[in-house]
Amino acid sequence: MYGQTIGVNPESLNDLIVQLKKGLPVQSLTKLSAQLGVSEIRLAKTVSIAQRTLTRRKKEGRFKTGESERVLRIARIFERAIQVLGGENEARRWFHSPVKGLGNKTPLEFADTEPGAQEVEAMLDRIEDGVVY
């Protein structure tokens, strides 16, 4: 299960789905932006949440389902990077470094769509298997 880095601690996949449908708390984005070392605005842009929408969500306290899924997507990849690369600092550095296999984009930039996120995860799998990028 994933989401612990942003305060999502589901007991099961069904619990995770319920939490996503309810909407993640806005603090999940705040926590993730701090861990990644990027501004909330930058992270919101990566997960396709406009600045005005982010301001509204802060007042409401929760994201909508689709927004929650996109925030969780980045958290999931960051957690996987921590696991593969050996720690938060290493994962953070990798997230901000251009990668040739991603068209010289950073993993954070590349993961702004689901197909891009899947490729970043596949790259982490290859790194774990010993393929260096």
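The values are calculated or read from the model by the stated rules, or taken from the named source; none is laboratory data. Nothing here was measured: the structure is a model prediction, and the numbers come from that model. Counting neighbours? That spans all protein chains shown, and the Cβs are built from the backbone with ideal geometry, glycine included.
When the residues of region 84-101 are filtered to those that are farther than 20 Å from V38 by Cα and either in contact with a helix residue (DSSP H, G or I) (Cβ under 8 Å, 6 or more places away or on another chain) or among the small types (G, A, S) (or both), the one that is surrounded by the fewest Cβ atoms within 10 Å (Cβ to Cβ) is G86.
Answer yes if at least one residue in region 16-25 is touching a residue at least 60 places away in the same chain (Cβ under 8 Å) and either farther than 22 Å from Q118 by Cβ or crowded, with 21+ Cβ neighbours inside 10 Å (or both), and no otherwise. Checking region 16-25: not a single residue is touching a residue at least 60 places away in the same chain (Cβ under 8 Å) and either farther than 22 Å from Q118 by Cβ or crowded, with 21+ Cβ neighbours inside 10 Å (or both). In the set (1) farther than 27 Å from W94 by Cα; (2) free of Cβ contacts under 8 Å to residues at least 24 places away in the same chain, the condition left unmet by A44 is number (1). Identification of helices (runs of 4 or more DSSP H) wholly contained in region 49-133 with 1 or more residues that are of a type in the set (S, T, Y), more than 14 Å from the chain's Cα centre (by Cα) and within 26 Å of L20 (Cβ to Cβ) yields 51-60, 65-85. Cβ-Cβ distances below 6 Å connect the following pairs, each with a first residue in region 59-85 that is in contact (Cβ under 8 Å) with a residue 40 or more places away in the chain, a second residue that is among the aromatic types (F, W, Y) and buried (at least 18 other Cβ atoms within 10 Å of the Cβ), and a separation of six or more residues or different chains: A81/W94; L85/W94.
Of the set (1) among the basic types (K, R); (2) surrounded by fewer than 14 Cβ atoms within 10 Å (Cβ to Cβ); (3) touching a helix residue (DSSP H, G or I) at 6+ places or on another chain (Cβ under 6 Å), all apply to K31 but (2).
When the criteria are applied in full, V8 fails the requirement of being touching a helix residue (DSSP H, G or I) at 6+ places or on another chain (Cβ under 8 Å), assigned to a helix (DSSP H, G or I) and either at pLDDT 95 or above or crowded, with 19+ Cβ neighbours inside 10 Å (or both). Restricting to region 34-48, name every residue that is assigned to a helix (DSSP H, G or I), among the small types (G, A, S) and surrounded by fewer than 19 Cβ atoms within 10 Å (Cβ to Cβ). Matches in region 34-48: A34 only.
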